[in-house]
Each structure stands twice: as structure tokens, then as C-alpha cells.
Amino acid sequence: MSENVAIIGTGHSKFGTRKDVNVAELCWESIKPAFESAGVEPKDIDYFVVGTAGMWSSEAAVPALIAEYAGLEPKGSMRAEAACATGSAAIRVGYTTIKSELADLVLVLGVEKMQESPSSTVIELIGRFGSYFWEFENFGLTFPGYYAMYGTAYMIKYGATEEDFAKVAVKNHYYGAKNPYAQFQREITVETVLKSPYIAWPFKLYDCSPITDGSACVILASEEKVKELGVEEKVWILGQGTGTGTANLSKRKDFTSLPSVVHAAEIAYKIAGIDKDDPVKYLDGADVHDCFTAAEIIAYEDLNFCRRGEGMKLVREEQTYIGGRIPVNIDGGLKAKGHPIGATGVSQAIEAYKQLLQKAEPGRQADIVKGRWLAHNVGGTGHYAYVTVYGLEKR
Amino acid sequence: MEQKKSIEEFGFPLVVDEKSGALQWLDVRELNIRYTISIENIKPFYEGLRQGKLLTTRCKKCNELYFPPQKDCYKCFSSDMEWIELKREGTLETLTVIFVRPPSFSMYDPYTVAVAKLDDGPKILAWLKGDPRKIRPGQRVRVEIGRRKEGYMMYELVPLG
């Protein structure tokens with residue numbers, strides 16, 4: 001388990017409503033630039049993994065689909081799934097495969113074409129990412145509903161307001177407007193959020209990430225392969241932690257923190273050599289899982305960017321904009337960039353790569369001083385958690 | 001309907017996406033999913049509900065209480081469980097009001113989903129009756145058995161006082 005693992009190439013499709021392409025074509029939009037930036041070809045790949053939650057789109061066997069469409073046949077593959085953390089689960093497979101010295105070059109693709117089904121069907125399916133029998137079947141919880149119960153509990157415990165939540169959406173739209181790959185490339189105001197209709201109280205339309213089509217692809221290489229290819233532009237995976245939560249929300253100790261994330265973060269910080277009591281000191285920025293606005297605030301606290309109950313203060317004081325305490329979701333986050341389930345975790349890795357190598361678009365490049373970026377990807381409502389630390393220098 | 005029309009018109013099930021103008025194939029194969037889920041090992045739970053009781057399982061060996069009820073104890077690996085009755089009162093912990101409902105719940109008006117901590121220890125998630133705007137932190141609730149629009153019985157939370 002000594003091999004270091006680097007991202008040596010990336011590709012990102014435009015996120016949004018992609019009626020102009022089918023699943024394979026959408027995949028190719030990110031696979032092609034990933035190959036080009038890595039300077040490798042399909043024949044060089046030892047293994048590939050596809051993160052896709054599926055159900056809403058027609059093609060289920062996406063690894064086989066792209067083996068054919070992208071010339072990866074007959075290389076080995078699998079499909080990975082961990083609800084909304086599917087993309088990070090796919091990275092996990094690539095990372096551990098190289099770490100265990102079973103491959104030197106792994107392609108990781110995340111893809112979702114959610115708009116092949118009507119949004120009502122997506123709402124029906126996505127509400128089932130919890131305890132189907134005890135919490136969906138009789139009580140019709142939707143995905144916004146699950147997180148809304150955390151939002152409510154956070155408001156009760158710390159006195160946060162719907163306006164505090166709205167400010168998260170305003171920030172993420174501000175940066176989404178500067179990201180050409182984002183689904184929503186326009187700024188909004190607190191008013192826009194507060195005036196939008198309720199989806200699951202206290203969340204309104206603009207508190208929620210959208211239903212998105214998109215793909216993202218990274219090529220991972222062992223340290224030996226990096227040397228062999230003479231790769232100059234790369235970022236290393238410094239550490240990754242994972243966690244799992246109970247299926248039933250009724251089994252949760254409280255509703256202001258996700259223990260699976262706390263667990264995953266502790267592991268990731270330890271492996272990456274980051275002091276868990278002050279991670280901000282080690283990071284230039286982060287992408288956190290803002291499927292809903294309140295989720296971003298809870299993420300600050302679970303990742304220990306601030307103390308308990310102070311997440312809303314970071315938002316009020318605009319401390320997670322560029323120039324603040326720690327820039328967060330300056331690619332637009334799930335909220336404005338879009339949330340094509342399987343692609344999200346891979347897209348976060350690409351943002352880490354772009355930020356660390358200072359390739360972000362004008363107006364959304366963070367200062368890179370410490371050389372580390374964090375990605376926090378949550379599946380379901382803390383049902384799965386992946387925290388990954390990327391860095392310019394290997395450990 | 002749309003599909004039939006386009007087959008007559010173009011010879012294929014096609015539709016033009018209104019926003020992008022991109023041509024779409026309208027899937028001919030429809031899938032309906034309905035699961036058959038075993039409750040063989042938690043039968044007493046439903047017998048209890050029918051009598052207005054909230055029953056759950058407790059491990060005879062280590063006394064661990066499980067709710068929702070389950071057949072096996074992961075703490076001591078025993079499957080020797082006893083059924084006990086929970087007191088049907090507790091305190092509300094959190095709630096949400098579901099405005100945008102899944103299509104399979106479309107026959108219901110917006111509904112409130114809440115989690116309460118029962119006085120006996122376990123938490124329970126269910127629909128909350130009444131006006132959610134009148135609910136305050138620390139609200140006491142009672143578990144009652146109601147009837148759904150579909151005709152079947154289900155437990156629900158009712159505010160006290």
C-alpha cells in the first residue's frame with residue numbers, strides 16, 4: 001500500500017439539460033479531454049470504473065457502453081454506486097486499485113443523465129435513498145425532506161434563519177456564474193431564494209440543487225507511471241476517508257451533524273497529515289456537498305472548519321468566499337454547477353485539480369499557498385460519506 | 001398519446017424537445033415497479049398496530065431494544081427476541097413539510113414528516129397531524145393509529161396540549 005496515486009488528466013462535460021446528446025455521447029465529452037490532458041490513449045488504461053446511480057436513464061451497463069464507445073474493450077471494469085457520493089466511490093475504487101498495485105493507470109468516469117426521465121419520476125426515485133420500507137413507503141419522504149429535517153433542527157438549536165440558508169445559495173450562484181460548465185450561470189439575491197416556492201419546509205426551490213445531466217472523468221496514475229510518462233501537471237490524492245450512516249433517520253442521534261462525515265474526515269485528515277483540530281490551516285479551499293443550502297453549513301462544522309453552531313456565522317460574514325477564512329464551492333457547488341449524481345464526486349476532484357494547478361476561470365481562482373484542496377461528498381442524508389484531500393506535493 | 005401521434009406522423013416514436021429543439025426518441029417500453037417485501041419476522045408489529053399498540057423487539061439475552069423492530073441482535077448475535085409494548089408518548093425533535101410530493105403520494109395534500117423521541121428511548125419517524133406552524137421546540141406528542149386514504153392503518157404523531 002505504498003504507491004502514491006495522482007490525477008494526471010481531467011475532462012468535464014457541460015452540466016445542465018443535455019437533450020442534445022445520449023448517455024454514451026455525454027460520457028465521451030469528458031473522456032476525450034481526460035485522455036488528451038493526460039497524454040494517454042484508451043489502450044494504455046489498465047482498468048476503468050464508472051460511477052452512476054442510474055434508474056432514471058436508459059442505459060444501466062455504462063461500463064460496457066463506454067468500453068464500446070471509447071475503445072476500452074476488453075479492459076476490466078465495474079460500476080460503483082453510493083447514492084450522491086457515487087462519484088467519490090468510483091474514485092475510491094480507482095485509488096485503491098492502484099494502491100494495491102493491481103493497476104498503474106485507471107480511468108474513473110462519473111455520469112448521470114437524470115433528465116431522460118420526467119422530474120416527477122426523479123423525485124419518486126431519489127426519495128428512496130434512505131430506508132425505503134420504514135421512511136419512504138408510508139411517509140413519502142423526498143430527498144429535500146430528509147435534509148430539511150436537519151435544517152429545521154439546526155435552526156432550532158442555533159437560531160439560524162431561512163435567510164442564512166439563502167446566503168449559501170447566493171454565494172454558490174455567484175461563483176457558478178463564472179463557471180462555463182455550470183448548469184446555472186447567473187447570480188441571484190437573497191430575495192430570489194426567499195421568494196421561491198417551498199419544496200420541503202424550510203427549503204425553497206433555490207435552497208435545492210437541481211436535477212442535472214453531466215459527466216466528469218479523471219485519469220489516475222501510480223507514482224511509477226507518473227515518472228514513466230514524465231507527467232508535469234498532476235495533483236496527488238493525499239488521503240481519503242469514508243463513512244456510512246444508518247438507513248433510518250429515526251436512528252440518528254441528532255439532526256445537526258452527520259457522524260459518517262465526522263468519521264470520514266478524521267480518517268482523511270490523519271492519512272493526509274492534517275491536524276484535525278485546525279484543518280483550515282492546511283487547506284486552500286474546499287468543495288462540500290451542498291445538495292441543500294443547510295447541508296453546506298453543517299458540512300463546515302462536521303469538517304471542523306469552525307466550531308459547532310458557527311457555520312452560519314461563516315456564511316453571514318462571507319468567510320467562504322475567495323479571500324475569506326476558507327473558500328468553499330467556488331465552482332458553484334452542487335447548487336449552481338448542478339448535481340448529476342454519479343458525476344458530482346468526480347467533478348469535485350476536477351475542481352481540486354483546477355484550483356491547485358491554478359487553471360480556474362477568471363474571477364474564481366483561489367490563492368494557492370498551502371497546496372491542498374478538500375472534497376466532501378455525501379450520499380443520501382449522510383448514508384455515505386467520502387472526504388478526500390488532494391495536494392500538489394505527494395506525502 | 002404523444003407517442004401514438006408521432007408514430008403516425010413520422011413512422012417513429014419521436015418528439016422534438018421544446019427548449020433545445022433536439023430530437024428525442026420517446027421510449028416505447030414502460031416499466032412499473034412494485035415490490036413484495038417480507039414482514040414474516042415482524043408480524044407482531046402489525047398485530048399490535050391493529051390493537052392500537054406500538055410493539056417492538058428486545059433481545060432476551062442482552063436487553064438491547066430495537067425500533068423499528070428487527071429479528072436479530074447484532075450486539076450478542078442472538079435471534080431470541082421478545083416483543084414489548086412501547087409507551088406511546090414522546091417529544092418532537094424535528095420536522096419538515098413536504099410540498100413537492102412524489103407522484104405515488106400525489107393524492108395527499110402537503111404533509112408534515114416529523115421525528116419524535118419516545119419516552120422509552122427509541123425515536124420514531126411518522127406523519128404529524130395538525131398545523132405544523134403551531135408546533136414549538138420541545139412539543140410533546142402521542143403516537144396514534146390512523147387510517148390512510150388508501151384504507152390501511154398506519155401510526156402517526158399527534159401533538160399533545
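A:Glu73 label point, 7 Å along Cα→Cβ, cut-off 14 Å on backbone N: hits in segment A:48-67? So the set is A:62-67.
Interface residues of segment A:17-40, defined as those losing at least 50 Å² of solvent-accessible heavy-atom surface relative to the isolated chain (probe radius 1.4 Å), are listed as A:Lys19. Note every residue of segment B:94-122 with a reduction of at least 40 square angstrom in accessible area, all protein chains present versus the isolated chain, computed with a 1.4 Å probe, or write none. Residues passing the criterion (a loss of at least 40 Å², heavy atoms only) are B:Thr94, B:Leu95, B:Thr96, B:Ile98, B:Phe99, B:Val100, B:Pro102, B:Pro103, B:Phe105.
Counting protein heavy atoms only, the protein assembly as shown has 50 percent of its accessible area on carbon and sulfur, 1.4 angstrom probe.
Annotation for segment A:338-395 versus segment A:236-269: alpha-carbon center distance of 17 Å. Summarising the amide proton neighbourhood of B:Thr94: residues at separation of 5 or more, or on other chains, whose placed amide H is nearer than 5 Å comprise B:Val115. Only Cα pairs within less than 10 Å get springs; with that Gaussian network setup on chain B, which residue of B:Arg147, B:Arg34, B:Arg136 has the largest fluctuation? So, out of B:Arg147, B:Arg34, B:Arg136, the one fluctuating most is B:Arg34.
Would you mind checking A:Lys167/A:Lys204; A:Lys337/A:Lys359; A:Lys270/B:Lys75; A:Lys251/B:Lys71 for any pair whose Cα atoms are more than 19 angstrom apart? Don't skip to the end; give the middle numbers.
Working: A:Lys167/A:Lys204 13 Å; A:Lys337/A:Lys359 17 Å; A:Lys270/B:Lys75 29 Å; A:Lys251/B:Lys71 17 Å.
Violating the 19 Å Cα-Cα cut-off are A:Lys270/B:Lys75.
Can you order the peptides A:61-67, A:371-377, A:338-344 by their average number of other Cβ atoms within 10 Å per residue, highest first? If you can, show how the numbers build up before the last one.
Working: A:61-67: 19.4, A:371-377: 27.1, A:338-344: 31.3.
So the peptides A:61-67, A:371-377, A:338-344, ranked by packing, come out A:338-344, A:371-377, A:61-67.
Summing +1 for each Lys or Arg and -1 for each Asp or Glu among the other residues whose beta-carbon sits under 14 angstrom from that of A:Glu116 gives -4. When peptides A:243-250, A:155-162 are ranked by their average number of other Cβ atoms within 10 Å per residue, the highest-first order is A:243-250, A:155-162.
Taken as Cα centroids, segment A:147-185 and segment B:67-138 sit 27 Å apart, rounded to the nearest whole angstrom. Spin-label model, B:Lys43 to A:Asp20: label points 7 Å out along the Cα-to-beta-carbon direction sit 6.1 nm apart. What net charge do the residues around A:Lys204 carry, taking every other residue with its C-beta under 9 Å from that of A:Lys204, with Lys and Arg at +1 and Asp and Glu at -1? Charge balance in the 9 Å sphere: -1. Under a 10 Å cutoff between Cα atoms, tell me which one of B:Phe12, B:Phe67, B:Phe105 has the largest fluctuation in the Gaussian network model of chain B. Judging by the Gaussian network model, the answer is B:Phe12.
I'd like the mean, over residues of A:129-139, of how many other protein chain beta carbons sit within 10 Å of each residue's own Cβ.
On the way: counts 0, 1, 2, 2, 4, 5, 5, 3, 4, 10, 11.
What the average comes to for A:129-139 is 4.
When chain A is treated as a GNM with alpha-carbon contacts under 10 Å, the residue of A:Gly323, A:Gly345, A:Gly130 showing the greatest mean-square fluctuation is A:Gly323.
Determine the per residue accessible area of segment B:88-161 with all protein chains present and a 1.4 angstrom probe, expressed in square angstrom.
Details: 3440 Å² over 74 residues.
Counting only protein heavy atoms, the per-residue value for segment B:88-161 is 47 Å².
Computed per residue of chain A from DSSP H runs no shorter than four, each worth -39500 (n - 2.57), the mean residue ellipticity at 222 nm is -11000 deg cm²/dmol. For a 21 Å ceiling on Cα separation, which of these pairs sit above it: A:Lys253/A:Lys281; A:Lys32/A:Lys227; A:Lys225/A:Lys394? Flagged as over cut-off: A:Lys253/A:Lys281; A:Lys32/A:Lys227.
Residues of segment A:140-163 that bury at least 20 Å² of accessible area when the other protein chains are present, relative to the chain alone (probe 1.4 Å, heavy atoms, ligands and nucleic acids excluded): A:Gly140, A:Leu141, A:Thr142, A:Met149, A:Thr152, A:Ile156.
Per the accessible-area calculation with a 1.4 Å probe, the total area buried between chain B and chain A rounds to 3100 Å².
Spin-label model, A:Thr161/A:Glu232: points 7 Å from Cα along the beta carbon direction are separated by 5.2 nm. The antiparallel fraction among DSSP beta bridges confined to the protein assembly as shown stands at about 80%. Summing charges over all other residues whose Cβ lies under 9 Å from the Cβ of A:Phe15, with Lys and Arg as +1 and Asp and Glu as -1, gives +2.
On a per residue basis, segment B:38-86 carries 59 Å² of accessible surface, using protein heavy atoms and a 1.4 Å probe.
Mind jotting down the distance between the C-alpha centroids of segment A:10-48 and segment A:88-136, whole Å? Cα centroid of segment A:88-136 versus Cα centroid of segment A:10-48: 17 Å apart.
Backbone phi angles across segment B:53-65, fed through the Karplus curve with coefficients 6.51, -1.76 and 1.60 (θ = phi - 60°), yield HN-Hα couplings of 10, 9, 9, 8, 9, 9, 6, 5, 7, 10, 6, 5, 9 Hz in residue order; Gly and Pro are listed as x. Dividing the summed helix terms, -39500 (n - 2.57) for each DSSP H run of n ≥ 4, by the number of residues in chain B produces a 222 nm estimate of -3000 deg cm²/dmol to the nearest 500. Most tightly packed first, judged by the mean number of other beta-carbon atoms within 10 Å of their residues, the peptides B:93-99, B:114-120, B:154-160 read B:93-99, B:114-120, B:154-160. Taken along the Cα-to-beta-carbon direction at a fixed 7 Å, the label points for A:Ala64 and A:Ser119 span 3.4 nm.
The values are calculated or read from the model by the stated rules, or taken from the named source; none is laboratory data. The model shown is predicted, which means the values in this text are computed figures rather than measured ones. Cβ sites come from the backbone with ideal geometry, for glycine too, and all protein chains shown count toward neighbours. The area values use the complete protein model at the heavy-atom level, side chains included, leaving out ligands, DNA and RNA. Shrake-Rupley method; radii C 1.70, N 1.55, O 1.52, S 1.80 Å.
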